[in-house]
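The values are calculated or read from the model by the stated rules, or taken from the named source; none is laboratory data. This one's a predicted model, so the numbers in the text were calculated from it and none came from an experiment. Methodologically, a virtual Cβ is constructed for each residue, glycine included, from the backbone with ideal geometry; neighbour enumeration extends over all protein chains shown.
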Amino acid sequence: MTLPTTEDRDPQSIGLSAKPDEEVLAFILQRQIAALEATREAIPQITNAAASLHKAAASGGKIGYAGAGSAGLTALTDCLELPGTFGFPADRMCILYAGGAKNLMSLAGVHEDDAQAGQKDFHESGLGAGDVLIAVSASGTTPYTLSAVQTANQAGTETIGIANNADTPLMRESRHAVLLKTPPEVIAGSTRLGAASAQKAALNMMSTLVALRLGHAVRGHMVNLFADNEKLRLRAQRILQDLTNCSPDDAANALERADGRVKTAALMLLKNLDYETADRTLMLHDGNLRPFL
């Protein structure tokens with residue numbers, strides 16, 4: 001019987017436990033690298049998906065994620081990280097996770113088979129036309145995730161599907177299909193390994209490209225971060241010093257007057273503007289600081 005790649009066994013894993021620790025770890029790492037290399041082949045698909053994500057983000061649309069089990073956790077991580085890293089508004093982001101928050105500690109597999117829950121969770125998410133749903137499923141067949149995508153399509157929501165098996169329902173149903181052709185796992189079916197690494201890499205690539213296009217990442221800095229703790233305040237000050245060649249004291253002062261908003265503080269320093277004028281000027285340029293540098 002021919003198995004999907006995500007369920008197949010890697011022949012080189014046989015007898016792995018009898019090998020020295022360092023050799024085992026080197027083999028696991030090599031398979032992780034192979035999974036990431038597989039992501040390279042999907043760059044054209046990731047580019048198209050990122051364009052859809054960019055369109056939704058630039059027009060004020062919502063960004064949703066859907067998934068179950070390990071793939072859902074990868075999706076959840078991306079959803080939670082984007083507001084802090086790139087300043088994506090948290091109220092415009094949501095996660096559809098099989099079993100909901102209560103399942104995050106147990107990861108009970110039964111919930112991923114609940115197609116009705118996928119439909120219900122989408123309807124309750126508030127996503128609709130002009131928004132985008134990113135669905136992640138290693139197998140490409142997860143009923144919960146597939147149902148969420150099908151319901152999203154009916155609602156006019158753009159859909160991005162990320163899977164590790166070719167010719168699967170998720171790849172066929174998603175408006176933008178991203179196939180990550182990762183090799184069989186070191187432990188057959190354990191897609192939290194190579195498949196998840198490739199999924200995370202693809203999500204990172206998409207969101208970072210969009211952040212660059214939106215002007216949320218400039219000259220290698222996350223200029224749309226909101227400095228709300230000491231670590232981020234110090235990082236924000238360093239960013240301001242690098243972008244404007246100001247002193248540490250001037251950076252700290254501008255950041256305080258800008259209520260922790262790096263872009264606004266940078267424009268205040270660059271153009272000697274007050275907070276209100278700098279904020280208004282940024283809005284006229286869609287929040288993009290790059291034209292002023």
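Tabulated values for the structure
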{"read-out": "Filtered residue count, region 113-137, keeping only those that are out of contact with any strand residue (DSSP E or B) (no Cβ under 6 Å at 6 or more places or on another chain) and either under 19 Å from K200 (Cβ atoms) or among the polar types (S, T, N, Q) (or both)", "value": "2"}
{"read-out": "Leading residue by the ranking (nearest to T74 (Cα to Cα)) among those in region 177-224 that are of a type in the set (S, T, Y) and part of a loop (DSSP other than H, G, I, E, B)", "value": "T191"}
{"read-out": "Selection status of T159, in contact with a strand residue (DSSP E or B) (Cβ under 9 Å, 6 or more places away or on another chain) and buried (at least 23 other Cβ atoms within 10 Å of the Cβ)", "value": "yes"}
{"read-out": "The listed residue being over 19 Å from the mean Cα position of the chain (by Cα), of a type in the set (S, T, N, Q) and either assigned to a strand (DSSP E or B) or surrounded by fewer than 18 Cβ atoms within 10 Å (Cβ to Cβ) (or both), out of N153, N165", "value": "N153"}
{"read-out": "Residues of region 169-181 classified as in contact with a Ser or Thr (Cβ under 7 Å, 6 or more places away or on another chain), touching a residue at least 60 places away in the same chain (Cβ under 8 Å) and not aliphatic (A, V, I, L, M), total", "value": "2"}
{"read-out": "Tally of residues being small (G, A, S), outside any loop (DSSP other than H, G, I, E, B) and surrounded by 14 or more Cβ atoms within 10 Å (Cβ to Cβ) across region 75-107", "value": "2"}
{"read-out": "Only one of A236, A211, A201, A227 that is under 18 Å from the mean Cα position of the chain (by Cα) and buried (at least 21 other Cβ atoms within 10 Å of the Cβ)", "value": "A211"}
{"read-out": "Count of region 108-144 residues which are polar (S, T, N, Q), outside any helix (DSSP H, G or I) and either under 21 Å from D78 (Cβ atoms) or over 22 Å from the mean Cα position of the chain (by Cα) (or both)", "value": "3"}
{"read-out": "Unique match (being part of a helix (DSSP H, G or I), at pLDDT below 95 and either of a type in the set (A, V, I, L, M) or crowded, with 17+ Cβ neighbours inside 10 Å (or both)) among M283, M268", "value": "M283"}
{"read-out": "Residue count for region 250-264, restricted to those that are under 20 Å from N229 (Cβ atoms) and surrounded by fewer than 20 Cβ atoms within 10 Å (Cβ to Cβ)", "value": "6"}
{"read-out": "Test for T151: is it closer than 15 Å to G67 by Cβ and either touching a residue at least 60 places away in the same chain (Cβ under 8 Å) or not β-branched (V, I, T) (or both)", "value": "no"}
{"read-out": "From the options S52, S70, residue that is touching an Asp or Glu at 6+ places or on another chain (Cβ under 6 Å), outside any loop (DSSP other than H, G, I, E, B) and either surrounded by 23 or more Cβ atoms within 10 Å (Cβ to Cβ) or on the phi < 0 side of the Ramachandran plot (or both)", "value": "S52"}
{"read-out": "Condition check for A26: of a type in the set (G, A, S), in contact (Cβ under 8 Å) with a residue 24 or more places away in the chain and not in a loop (DSSP other than H, G, I, E, B)", "value": "no"}
{"read-out": "Region 4-23: number of residues that are among the hydroxyl-bearing types (S, T, Y) and assigned to a loop (DSSP other than H, G, I, E, B)", "value": "2"}
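To keep it simple, each residue is scored yes or no on (1) among the acidic types (D, E); (2) in the same structural domain as A75 (by TED's automatic domain parsing); (3) within 30 Å of E7 (Cα to Cα); (4) in contact with a Lys or Arg (Cβ under 6 Å, 6 or more places away or on another chain).
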site: T208; (1), (2), (3), (4): no, yes, no, no
site: M222; (1), (2), (3), (4): no, no, no, no
site: A236; (1), (2), (3), (4): no, no, no, no
site: D286; (1), (2), (3), (4): yes, no, no, no
